[in-house]
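Inspection log for the structure reproduced underneath, given as structure tokens.
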Amino acid sequence: MAKPERYGQPDGDAELRAYAAIVAQTFAGDIQSFDEWVRAFGLENLRILRGDGVLAGLTIYRMGQFFGGRSVPTWGIAGVAVPPELRGGGLGRELMAANLAEQFEHGPALATLYPAVPELYRSLGWEFAGVRCSLRMRLADLPRDAGGIEIRPATIADDALIRDIYTRRHRHESGCLDRSERIWERVRRAPKDTPVGGYLALRDGTPVGYLLYLQKRDVPGRFAFDIAVRDLVAVDADATRAMLAFLARHRSVAREITLVASPHDPLLRELMRTQEVPTELQMAWMLRIVCVKDALEARGYSPHVSAKLRITLLDDTLPGNAGHWSFELADGQMRATQGGKGGATLDVRGLAALYAGHHSPAELRAAGLLTGKNDGDSALAAMFAGPAPWMPDFF
Ligand SMILES: CC(C)(COP(=O)(O)OP(=O)(O)OC[C@H]1O[C@@H](n2cnc3c(N)ncnc32)[C@H](O)[C@@H]1OP(=O)(O)O)[C@@H](O)C(=O)NCCC(=O)NCCS
């Protein structure tokens, strides 16, 4: 029998359980829950390195990410883990490099993750490309006028409506996930004994927003609980205000809310009754442009920008991306063609930050990720101009 490859899917239940045990140890959880978590992904979404047993592993969320109004296929990478006794010996890098090579060959145009060790991912061509921002507010400070918008409990029958509102609201933002089934499950999943509320906002019977939230008592025995909003998504400001006013109705029994919003969200203006909106947590996610041609041609662009330039791209990990490129944008469609010569030199990490709209060419020059001729910088800036990238999800 042929020896199994060093990198690949778990070869059945024993390897799956071995990876689940590594994840449980790594992320300080119980083996039973992590076994269920890993199993739910299915073997096709798990990757391991094997040697004398399972040495390392990761999980894949297959989904999309919105850029320029279009959903670009991406793999969200999570559960990257090496047992402590094997750390620092190059296994993490080997696993991630093998995964990128697989993606380049067969997979999506992009990969995205929340890094615990940014340097590991940077060394493989990833770069910070957007944020996730959690805000904490006192319920007493929220607006109280629902403005004639009806809020009613959501049921499972409203699922398609909820997803439609999510997509309408987030499609034209940069970096928000085109959520897969597994990401929707994460949004809805609640710890045991934590009630989840789901509500729809309607104007004259037409859905204009939805709300998913948990009621959490962090301090046992305390009377008041806190509200953790998973999704507060509205198609306009009136619907946002109405849902905040709905949350404010919990203020006799709840003290504070946390909600996840873009740092630039117009929602913030609704919250700024106290002038200060404390950020409880800001995390940054990284992006990897896995296949330059597919990534550039799949995203959306402004139909009002026509520009053409040449670039020399540096990519040591995926040499198929490296070398001379021509980027030509017209009528909202990019054509990325390999060949030619000339132009500035751009590191693939810089391309990720530019692609997402996280950094401008001037910032990339300051970071040393864009060097050489600068006569194409204004064209690059115009091509990739867009809203500041963020996403509401953590995975
Ligand atoms: C992070 C992890 C997967 C890296 O695997 P590893 O086999 O230990 O890493 P490698 O030996 O391949 O190191 C590669 C690079 O990662 C970075 N790195 C690794 N461990 C690190 C640590 N503890 N702190 C900071 N950087 C670290 C370094 O840049 C290192 O490069 P260098 O050796 O040239 O300095 C592993 O340490 C682990 O499982 N940690 C706990 C879980 C975790 O943090 N997962 C990541 C979630 S995104």
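Can you say what percent of the DSSP beta bridges in the chain, counting only those with both residues inside, are antiparallel? Round to 5. The antiparallel fraction comes to roughly 85 percent. Among 378-387, 348-357, sorting by the average number of other beta carbon atoms lying within 10 angstrom of each residue, highest first, gives 348-357, 378-387. Classify segment 291-384 as rounded, prolate or oblate, taking a ≥ b ≥ c as the square roots of the eigenvalues of its Cα gyration tensor: rounded when a/c is under 1.5, otherwise prolate if a/b is larger than b/c and oblate if not. It comes out rounded by the Cα gyration axes.
Placing one equal scatterer on every Cα of segment 166-318 and applying the Debye formula, the log10 ratio I(q)/I(0) at q = 0.12 Å⁻¹ is -0.70.
What the phi angles of segment 359-374 give under the Karplus curve with 6.51, -1.76 and 1.60, with θ = phi - 60°, is a coupling list of 10, 8, x, 4, 5, 5, 5, 4, 8, x, 8, 9, 9, x, 3, 10 Hz, glycine and proline written as x.
Whole-Hz Karplus values for segment 146-161 come out as 7, x, x, 8, 7, 10, 10, x, 8, 10, 4, 5, 8, 3, 5, 4 Hz, taken residue by residue from phi with 6.51 cos²θ - 1.76 cosθ + 1.60 and θ = phi - 60°; glycine and proline positions read x. Apolar share of the accessible surface for segment 171-251: 48 percent from carbon plus sulfur atoms, 1.4 Å probe.
A simple spin-label model places pseudo-atoms 7 Å from Cα toward Cβ; at Val305 and Val253 they are separated by 4.9 nm. Amide H contacts of Val80 (H built 1.01 Å from N, in plane; Pro and chain starts excluded): Thr59 sit under 5 Å, all sequence-distant by 5 or more or on other chains. Shown for segment 272-395: the carbon plus sulfur share of the solvent-accessible area, taken with all protein chains present and a 1.4 angstrom probe, equals 51%. Coupling constants for segment 95-107 follow from the phi torsions by the Karplus curve (6.51 cos²θ - 1.76 cosθ + 1.60, θ = phi - 60°), and in residue order they are 4, 5, 5, 5, 5, 5, 4, 4, 5, 4, 6, 10, x Hz; glycine and proline get x. Shape summary of segment 261-313, radius of gyration then Dmax from alpha carbon positions: 18.2, 49 Å. Per atom type, segment 87-155 shows carbon and sulfur on 51% of its accessible surface, probed at 1.4 Å. Taking amide hydrogens as placed 1.01 Å from N in the peptide plane, the amide H of Arg230 sits under 5 Å from those of Leu212, Tyr213, Leu214, each at least 5 positions away in sequence or on another chain. Between the exposed loop cleavage positions of the chain, defined as GluC sites (Glu not before Pro) in a non-H, G, I, E, B DSSP state with at most 11 neighbouring beta-carbon atoms within 10 angstrom, the longest gap is 6-275. Summing Lys and Arg as +1 and Asp and Glu as -1 over all other residues whose Cβ lies under 10 Å from the Cβ of Arg203 gives a net charge of -4. The distance separating the Cα centre of segment 92-133 from that of segment 142-192 comes to 28 Å. Counting Lys and Arg as +1 and Asp and Glu as -1 over every other residue whose Cβ lies under 15 Å from the Cβ of Ala14, the net charge comes to -2.
Springs between Cα atoms under 10 Å define the GNM used for the chain, and in it the highest mean-square fluctuation of Ala154, Ala366, Ala97 occurs at Ala366. Sorted from greatest to least, the principal axis extents spanned by the alpha carbons of the chain come out as 64, 55, 36 Å. Pairs of lysines in the chain whose Cα atoms sit within less than 30 Å of one another amount to 7, provided the residues are eight or more positions apart or on different chains.
Taking max minus min of the alpha-carbon positions on each principal axis, segment 25-132 gives extents of 44, 30, 29 Å, largest first.
Between Pro84, Pro73, Pro115, the Gaussian network model of the chain with springs among Cα atoms under 10 angstrom shows the greatest mean-square fluctuation at Pro84. Per residue, the chain exposes an accessible area of 45 Å² to a 1.4 Å probe, with every protein chain left in place.
The values are calculated or read from the model by the stated rules, or taken from the named source; none is laboratory data. What you are looking at is a predicted structure, and each value in this text was computed from that prediction instead of being measured. Methodologically, a virtual Cβ is constructed for each residue, glycine included, from the backbone with ideal geometry; neighbour enumeration extends over all protein chains shown. The protein model used for the area step is the full one, side chains on, heavy atoms only, and it has no ligands, DNA or RNA in it. Shrake-Rupley method; radii C 1.70, N 1.55, O 1.52, S 1.80 Å.
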